[in-house]
Amino acid sequence: MDKLVVEGGVALNGEVRISGAKNCALPLMAATLIASGKHGFSNVPRLRDIKTMGSLLAHMGAVCEHETDYEIDTSDIHTLTAPYELVKTMRASVLVLGPMLARYRRARVSLPGGCAIGARPINLHLKALEQMGVDIVLEHGYVVGEARRLRGAEIRFEQVTVTGTENIMMAACLADGVTVLKNAAREPEVVALADYLRLMGAQIEGEGADEITITGVGELRPSRCEVIPDRIEAGTYLVAAAITGGSLRLTGLRHEHVRTVLEKLVDAGVSIEIGEGFVDVRGNGRVCSVNVETQPYPGFPTDMQAQFMALMAVGDGVSLIKERIFENRFMHVLELERMGADIELDGRTAMVRGVKKLSGAPVMATDLRASASLVLGALAAEGTTEINRIYHLDRGYEAIEKKLSAVGARIRRVSGRGE
């Protein structure tokens, strides 16, 4: 099992190009099931989760090719089952449920897995599908859905759900009548999916707000689009510059998608300059401690909480970090403490007392974003850090050690065993 070895204490300098967003690419790939034919996507990152989704679609009969662009031909779908073996490592696999029900009126999808960051039940998806006329049965670890015909409905999500919004939006594209999604997710990835569905011939209005209206049509057709930049990767590299006291230019990103992260960095004393197609970020010595509370978009993203905690671990003062999305997303705390961080937990709130320096230590990644926080801590730490179980990291960061090495980091991937 691979691990990363990081020798810290080097200020990063140079330019980093941000990759396409996996959280945009995955629902786009799932959406290809709605329309028979050849779909195409550019700017698709080469990540483990992308490979898993491709394998899942191929199992169902799609032909997937990833050379320059990602091409998916769904002309010969012959299996309407998403098996446990392919779904267990990636929660986003559940996104095939809505498209299959829309086009074929039946589906059998294993209950999903993914990072162990707290309960992320799909009951909101299933309740909404039942409102649209789908008969749902849970059997042997699978969701089995069947409908004679999907019908439009007014659906209010009990809590904001990104994958739930995406799944039901896709299902509604071929339903009879009008579907209105209330308390819908507003993330850029939801907007990007709506844009692609419209290119396919769907009638969708309101994406980007908390109410989305979908008017069902008879059929959709394949199309092509570009995957939007990964705002969480961008946020991670913004913090990398700040935590090392370096200076980075990030290109290929959309600064409006990381607005709340930029605002918090400015509050912490980090210099930010926004230009056309780039963001310059420069650390100015030890950062000031600031408070953070995660919220659904456009609030501060839960996927940046761990990375920001690493930054606050070397802040000048005390920071309160409140996690309002997931109840078990502080698993990185113990590993940061192994590096010398001073963090006290009280339920969903972490009190972070900044220390002058972190020190290198062997640590273990527990989920995707926790992995990123450990890399950031290691970049700033004195000495050498070994980060084990980096297969989590490979799910969401394209060539992270190569990108960091190119801007001065002393980081390398080696074969090792995570205990």
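The values are calculated or read from the model by the stated rules, or taken from the named source; none is laboratory data. These numbers come from a predicted model, not from an experiment. Every residue, glycine among them, receives a Cβ derived from its backbone with ideal geometry; neighbour counts consider all protein chains shown.
Structural remarks
- Qualifying residue in the range 353-365 (condition: closer than 29 Å to ILE50 by Cα and crowded, with 24+ Cβ neighbours inside 10 Å): yes
- ILE321 passes every criterion in (1) of a type in the set (A, V, I, L, M, F, W, C); (2) surrounded by fewer than 21 Cβ atoms within 10 Å (Cβ to Cβ); (3) within 30 Å of THR161 (Cβ to Cβ); (4) touching a strand residue (DSSP E or B) at 6+ places or on another chain (Cβ under 7 Å) apart from (2).
- Scanning the range 83-117 for residues that are at pLDDT below 95 and either surrounded by fewer than 16 Cβ atoms within 10 Å (Cβ to Cβ) or of a type in the set (A, V, I, L, M) (or both) yields GLU85, LEU86, VAL87, MET90, ALA92, VAL94, VAL109, LEU111, GLY113, ALA116, ILE117.
- Residue ID - nearest to THR215 (Cα to Cα), chosen from residues in the range 139-149 that are out of contact with any Ser or Thr (no Cβ under 9 Å at 6 or more places or on another chain) and crowded, with 19+ Cβ neighbours inside 10 Å: ALA147
- Residue that is nearest to GLY9 (Cα to Cα) [pool: residues in the range 361-419 that are touching a Lys or Arg at 6+ places or on another chain (Cβ under 6 Å) and part of a helix (DSSP H, G or I)]: GLU401
- The test for being in a helix (DSSP H, G or I) and farther than 20 Å from ALA409 by Cα holds for THR260.
- Spans of helices (runs of 4 or more DSSP H) in the range 98-203 with at least 1 residues within 17 Å of MET29 (Cα to Cα): 162-172, 188-199
- Single condition VAL5 does not satisfy, out of (1) part of a strand (DSSP E or B); (2) buried (at least 23 other Cβ atoms within 10 Å of the Cβ); (3) not charged (D, E, K, R): (2)
- Residues that are of a type in the set (Gly, Ala, Ser) and outside any helix (DSSP H, G or I), drawn from the range 294-329: GLY299, ALA313, GLY315, GLY317, SER319
- Among residues of the range 231-252 that are among the acidic types (Asp, Glu), those with a Cβ under 8 angstrom from a residue that is surrounded by fewer than 24 Cβ atoms within 10 Å (Cβ to Cβ), sequence gap 6+ or separate chain, pair up as GLU233/GLU398.
- Among residues that are surrounded by fewer than 16 Cβ atoms within 10 Å (Cβ to Cβ) and in contact with a strand residue (DSSP E or B) (Cβ under 8 Å, 6 or more places away or on another chain), GLY246 is not included.
- Condition check for VAL190 on (1) outside the structural domain of LEU95 (by TED's automatic domain parsing); (2) touching a residue at least 12 places away in the same chain (Cβ under 8 Å): one failure, at (1).
- SER75 being in contact with an Asp or Glu (Cβ under 9 Å, 6 or more places away or on another chain), at pLDDT 95 or above, assigned to a loop (DSSP other than H, G, I, E, B) and polar (S, T, N, Q): no
- Count - residues of the range 279-294 that are charged (D, E, K, R) and in contact (Cβ under 8 Å) with a residue 60 or more places away in the chain: 1
- Lone qualifier among GLY216, GLY177 - being over 30 Å from ARG282 (Cβ atoms) and either outside the structural domain of ARG106 (by TED's automatic domain parsing) or without any contact (Cβ under 8 Å) to a residue 60 or more places away in the chain (or both): GLY177
- All positions within the range 18-55 that are at positive phi and within 18 Å of the chain's Cα centre (by Cα): ASN43
- Residue in the range 388-399 that is over 21 Å from the mean Cα position of the chain (by Cα) and either outside the structural domain of THR244 (by TED's automatic domain parsing) or hydrophobic (A, V, I, L, M, F, W, C) (or both) present: no
- Leading residue by the ranking (farthest from GLU226 (Cα to Cα)) among those in the range 56-80 that are among the charged types (D, E, K, R) and under 22 Å from the mean Cα position of the chain (by Cα): GLU71
- Only one entry of LEU262, LEU238 meets the criterion of being of a type outside the set (Asp, Glu), at pLDDT 95 or above and within 18 Å of LEU379 (Cα to Cα), and that entry is LEU238.
- Applying the condition of being out of contact with any Gly (no Cβ under 9 Å at 6 or more places or on another chain), aliphatic (A, V, I, L, M) and closer than 30 Å to ARG369 by Cα to the range 193-236 and asking which residue is surrounded by the fewest Cβ atoms within 10 Å (Cβ to Cβ) yields ALA209.
- Cβ pairs under 6 Å, 6+ apart, first in the range 100-111 and in the same structural domain as LEU126 (by TED's automatic domain parsing), second among the acidic types (Asp, Glu): ARG106/GLU146
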